[in-house]
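Only one structure is covered here, and it is reproduced in the block below.
The values are calculated or read from the model by the stated rules, or taken from the named source; none is laboratory data. The shown structure was predicted, so the numbers you read here are calculated from the model rather than taken from an experiment. Quick reminder, even Gly has a Cβ in these numbers, built from the backbone with ideal geometry, and neighbours come from all protein chains shown. Calculation scope for accessible area: heavy atoms of the full protein, side chains included, ligands and nucleic acids excluded. Shrake-Rupley method; radii C 1.70, N 1.55, O 1.52, S 1.80 Å.
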Amino acid sequence: MFSRRDKFSTRVTTPHLLPDRLSPPPSNEQIALAPPMIDAFSRARAFAPAATPIILHGESGVGKTFFAEYIHQLSGRSGGFHAFSVGTVAPQLALDELFGHVQGAYTDARKMRTGRLATAGGGTLLLDDMQNLDLGVQKQLLQVLDRGAYSAVGSDRVLTVACRIVLAMTEAPDALMRKGQLLKDLRFRFGACEIRIPPLRERRSEIPQLAQQALEGCPQRIGVPGPSRLSRTAFDALNDGAYEGNVRQLKAAVEHGYLIARAAGRSEIGAEHLPEDVCPVLRYQRHGDPNSNRIAVQRAAVKSGGNVKAAARLLGISRNALAALLAAQCARADRHKVVSS
């Protein structure tokens with residue numbers, strides 16, 4: 001069901017569509033290999049045509065905004081997509097942001113203001129960071145969603161809610177409800193259409209393709225040309241990352257590697273070019289894994305700016321030992337070139 005192209009420009013890639021080699025997928029292609037991610041897309045497709053509010057939940061950086069846009073495009077709604085982080089404003093301002101106000105509604109209300117619900121029109125409105133929204137405001141929002149109507153602050157005129165509402169939060173609704181951060185009635189009244197977006201650690205099979213996708217978009221996002229590929233050691237390092245920031249952190253790591261490798265005049269991003277939050281500097285271990293030792297030497301060389309003494313200090317070995325290791329690596333590289341040619 002995922003293999004055909006939707007109305008939305010994003011195509012979901014499933015395992016049988018992926019090539020055997022790591023070639024960059026189109027930049028508008030969303031990866032769905034792991035079962036939890038495939039399930040999330042299945043739910044999105046099922047819920048998209050309805051007008052019912054949807055709850056999206058997942059850790060920061062997993063792609064909740066992307067899913068909200070994906071659902072909007074599949075819905076075929078006439079209006080556009082709008083997003084608002086409701087948890088970033090004070091309770092008294094949240095009502096004004098959502099519902100708007102009329103002139104004279106309060107002291108500083110010198111002119112009428114249109115709220116987010118009205119601005120969204122017949123489109124989709126994503127209300128992000130619901131876990132931070134005051135419970136009093138949640139109650140008023142519940143009443144609005146229940147009735148499908150509201151009034152601007154200071155007005156008696158009843159307005160109709162024409163947009164589709166998507167509620168996004170960083171934890172599961174039940175967990176937030178137990179903590180007292182989500183209104184019980186809101187959870188049970190609008191929790192039928194719920195989508196959990198899995199963290200990157202539950203979909204590691206997608207990391208290579210996501211990394212390639214991020215690299216493909218670097219020239220346009222960053223605005224300068226740079227390396228066009230990731231080395232095998234870079235892929236290995238990225239696969240082992242912790243990613244507390246999920247896909248957002250993975251993309252940032254690739255962009256970091258892109259710029260560091262570019263500055264070094266490299267056409268390929270190596271593990272040594274990746275940020276330390278993803279690929280920490282490794283200490284050289286005399287009887288350790290050769291690949292890990294090679295990465296440690298390369299990263300130390302980059303971090304020290306090519307200063308052998310400083311690099312040796314980072315690795316915890318002598319300058320002479322590092323010089324011997326560098327000479328051995330150069331010799332292996334030369335032999336590889338001879339064999340390849």
Please give the solvent-accessible surface of residue 184 in Å², to the nearest 10, using a probe radius of 1.4 Å with every protein chain present.
130 Å²
The summed charge of the residue 319 Cβ neighbourhood (under 12 Å; Lys/Arg +1, Asp/Glu -1) stands at +2
Just want to confirm a number: the relative contact order over the chain, from Cα pairs under 8 angstrom separated by 6+ residues, in percent.
17 percent
Please compute the per residue accessible area over the chain with all protein chains in place, 1.4 Å probe, rounded to a whole number of Å².
50 Å²
With each pseudo-label sitting 7 Å past Cα toward Cβ, what's the residue 204-residue 189 distance in nm, one decimal?
4.3 nm
Out of the DSSP beta bridges found with both residues in the chain, what percent are antiparallel (nearest 5)?
15 percent
What is the sum of charges, Lys and Arg at +1 and Asp and Glu at -1, for the other residues whose Cβ falls under 15 Å from the Cβ of residue 278?
-1
The correct ranking of 157, 229 by accessible area at 1.4 Å, largest first, is 157, 229
So the carbon and sulfur contribution to the accessible area of the chain, 1.4 Å probe, in percent, is 50 percent
Which value in deg cm²/dmol, rounded to the nearest 500, describes the helix-derived mean residue ellipticity at 222 nm for the chain, given -39,500 (n - 2.57) per DSSP H run of n ≥ 4 and division by the residue count?
-13500 deg cm²/dmol
How much length is gained on full extension from residue 172 to residue 156, taking 0.36 nm per residue of separation minus their Cα-Cα distance?
2.2 nm
Considering only 208, 95, 138, whose Cα is most displaced toward the positive end of the charge dipole of region 87-209, charges sitting on Cβ of Lys, Arg (+1) and Asp, Glu (-1)?
208
Chain lengthening between residue 220 and residue 108 when straightened (0.36 nm per residue, less Cα-Cα)
36.1 nm
Residue span residue 327 to residue 240: 0.36 nm per residue of separation minus Cα-Cα distance leaves a gain in nm of 28.5 nm
Accessible surface of residue 38 in the full protein assembly, 1.4 angstrom probe, to the nearest 10 Å²?
40 Å²
How much of the calculated P(r) for the chain lies past 29 Å, in percent of all Cα pairs?
52 percent
Among residues other than residue 244 whose Cβ falls under 13 Å from its Cβ, what is the net charge (Lys/Arg +1, Asp/Glu -1)?
0
Loop-only check: which chymotrypsin sites (Phe, Trp or Tyr not before Pro) in region 202-290 are DSSP coil with at most 15 other Cβ within 10 angstrom?
none
Under a point spin-label approximation (7 Å from Cα along Cα-to-Cβ), what is the residue 93-residue 229 distance to one decimal in nm?
5.0 nm
Three principal axis extents, largest first, for the C-alpha atoms of region 212-259, in Å?
28, 22, 15
